[in-house]
1. Out of A:Ile220, A:Ile245, A:Ile198, report the one residue that is touching a Pro at 6+ places or on another chain (Cβ under 8 Å) and closer than 27 Å to A:Asp306 by Cα.
2. For the stretch B:84-133, how many residues meet the condition of being open to solvent by less than 40 Å² (accessible area, probe 1.4 Å) and within 11 Å of another protein chain (Cβ to nearest Cβ)?
3. Take the residues in the stretch B:134-184 that are open to solvent by 10 Å² or more (accessible area, probe 1.4 Å) and among the basic types (Lys, Arg), then tell me which one is nearest to B:Phe38 (Cα to Cα).
4. Can you tell me which residue among B:Leu282, B:Leu259 is over 25 Å from B:Ser136 (Cβ atoms), at pLDDT 85 or above, facing chain A (nearest Cβ under 8 Å) and in contact with a strand residue (DSSP E or B) (Cβ under 8 Å, 6 or more places away or on another chain)?
5. Any residue in the stretch B:143-152 that is touching a residue at least 40 places away in the same chain (Cβ under 8 Å), part of a loop (DSSP other than H, G, I, E, B) and polar (S, T, N, Q)?
6. Within the stretch A:198-310, considering only helices (runs of 4 or more DSSP H) that don't extend past its boundaries, which have at least 2 residues that are open to solvent by 80 Å² or more (accessible area, probe 1.4 Å)?
7. When residues of the stretch A:75-116 are filtered for being in a strand (DSSP E or B) and either at pLDDT below 75 or under 23 Å from A:Arg301 (Cβ atoms) (or both), how many remain?
8. Report yes if B:Leu50 is in a loop (DSSP other than H, G, I, E, B), modelled with pLDDT of 85 or more and either open to solvent by 30 Å² or more (accessible area, probe 1.4 Å) or more than 10 Å from chain A (Cβ to nearest Cβ) (or both), otherwise no.
Amino acid sequence: MEEREVEERVVEIEHPLPCLSESDTQGIIKGRDLFGYVGIEAVLDQMRRKTMKAGFEFNIMVVGQSGLGKSTLVNTLFKSKVSRKSCTPNYEEKISKTVHLQSVSHVIEEKGVKMKLTVIDTPGFGDQINNENCWEPIVKYVNEQYEKYLKEELNVNRKRRIPDTRVHCCVYFLPATGHWLRPIDVEFMRRLGKIVSIVPVIAKADTLTLEERLEFKQRIRQDLQANGIRVYPQKEYDEDAEDRILNDKIRENIPFAVVGTDKEHQVNGNKVLGRKTKWGIIEVENVAHCEFAHLRDLLIRSHLQDLKDVTHNIHYEAYRVKRLNESNANGLALSPLILENGTLEKSDRKPILTDVCRTVTGQAYGCM
Amino acid sequence: YLKDLNYTILTCDFQDKQYVGFATLPNQVHRKSVKKGFDFTLMVAGESGLGKSTLVNSLFLTDLYKDRKLLNAEERINQTVEITKHTVDIEEKGVKLKLTIVDTPGFGDAVNNNECWRPITDYIDQQFEQYFRDESGLNRKNILDNRVHCCLYFIPPFGHGLRPVDVEFMKALHEKVNIIPLISKADCLTPNEVKKLKDRVRDEIERFGIKVYQFPECDSDEEEEFKQMDKELKECTPFAVIGSNTVVEARGQRVRGRLYPWGIVEVENQSHCDFVKLRNMLIRSHMHDLKDVTCDVHYENYRAHCIQEMTSKLAQDNRTDSPLPLLPLPTPDVETERLIKMKDEEMCAIDFYIVIRTLVLFY
């Protein structure tokens, strides 16, 4: 009572702060309920600055027969001469006898965002008379990159930022036959769809009319489903309803029918990228002509980070689990130790390791 | 069959061409983070009565200790150092933050405070160990990160600098967690006294070799204003803070403050105390860096130490059975073996497999 008489302008309020002590049962404190605000969305800015400084990496692999326009398409996508063809000084257009993999890296910058882009080319794929097992070098390469990353991750002294050479996206070029998937397409996509995100495209699609294109795409989708091939964006990896709606729209339209070029022509007073023929100019970035813009939007503008995330969280993790299980099995089945007197040690290991093995393999099956 | 060719830097000339569009990458990342939300674990340590709870409430505008019962002296005699956790979910402008406050009641309160930091270091190590297990496990989908990202250590304003318990505590923890020392209850000091105490504490921190959290250096291409702010921040440490659970009216506004007969202390007034600087640093500018240093430095140190211990233990155990060192496991095929040897000679292969085997033992 005495305090009130002293000052009139100062009022001390016992302010029961509108919030909660434990979060489990109740709810979430909304910013507007707080007296003043904390400022936590600044964390996003902090993260953004950091990622901008560090830059991004993206590794894209292009697979398909010679002459399907792989190099041109990649150049068109990134609007720079990033393909192997443009970078090799003595490049010759000839078919190699075996499947080689060659990678070219560039750092490209746009509006302050730096990206290290690596394009992995696969000359020789599908070009031979007998193409059996031509996918093996590619499978091997993909797995090698996962192995490299795994080793870095398991190292005792780890790098702050492990260099990421894993293949984030594999663009598979289908020739515009208009019929069905060919056996080599099925074999390749079936095997690689399990370990990497495949984006199939119909190459050199300027030989298909719109109706032919629609029918071809439908047949391809049927074929893919019939053979159990999962292409990006995979239905199982949709995180929430919002993603599913977005990705369903994409899934209804794949494979994209694309045309690539680096030549420019004048159309209606504008300079556009296009192929000039006697019957007209095919504008690459015109969605009425071909679906290049859709592909570009998918790969770069909207799903680039998602491609990387799927590679890291799903494909890489699957590889890692497989590898760790293999090592356990190998290790405990042992290379027998040779003792000093030349005899082999008994093959029964200490019980603790066998028990652990059982738990670990049990865990693996549980999580798959 | 794999060759790496060029590595050049191309800056696309976008004046006359339309842009490619990967400048949206930060936005793509942004969108995913907003969906996922952030988490942050903050530890507060210091003797009872230094205003820790009040400061936490002031920082995050929460009231975490509503139903707390303060122990009387008799109850305190038998009290040991506990670790308590409170979790709060805060959402602002669509960004979710799961904040965990780890409190350490009982620290420094006993008559004999020998090793009173032990439960605290044990707790921090346990969180590291849990994360290490999770990270090395087979199912890594939803790992919970309970590692302590930052520890606010409260130094009483009454003395003449650091006391032995302060020095010992900070030295026990400085390689496990980011320590931010604070001068608490700074409203009992005049500006001169604050300055003297800060200088003293800074000297002693250096003298005793205590590694407190260092603010990262500014980039050379940052704006001048930012650099100036950063410089002021660094010169101001250790922050002298005041907290308050009550709202008073001062200068015509409602503010958080403490009412005294001689005046009103405003918590958010920068000329009164460094509370605003602490809050800005902790939340608005350095939260992400605190987490990064925890992950990249403290946790990695723990992990390396842990693996080396396990490896030597394994080697020891095996040595008692057979006099020979561990042999590397048979490699899957010749090609992979060649690849392995390429990197770091044979030591790398042996290290890798030893690590895998020790991890198996770990489970």
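1. A:Ile220
2. Residues that pass the stated criteria total 12.
3. B:Lys141
4. Answer to the check: B:Leu259.
5. Within the stretch B:143-152 (the criterion being touching a residue at least 40 places away in the same chain (Cβ under 8 Å), part of a loop (DSSP other than H, G, I, E, B) and polar (S, T, N, Q)), the answer is yes, since at least one residue qualifies.
6. Fully inside the stretch A:198-310 and qualifying: A:210-226, A:241-251.
7. Within the stretch A:75-116, residues that are in a strand (DSSP E or B) and either at pLDDT below 75 or under 23 Å from A:Arg301 (Cβ atoms) (or both) number 11.
8. yes
The values are calculated or read from the model by the stated rules, or taken from the named source; none is laboratory data. None of the values given here were measured: they were computed from a predicted structure. Every residue, glycine among them, receives a Cβ derived from its backbone with ideal geometry; neighbour counts consider all protein chains shown. Note: areas computed on protein heavy atoms with side chains; ligands, DNA, RNA excluded. Shrake-Rupley method; radii C 1.70, N 1.55, O 1.52, S 1.80 Å.
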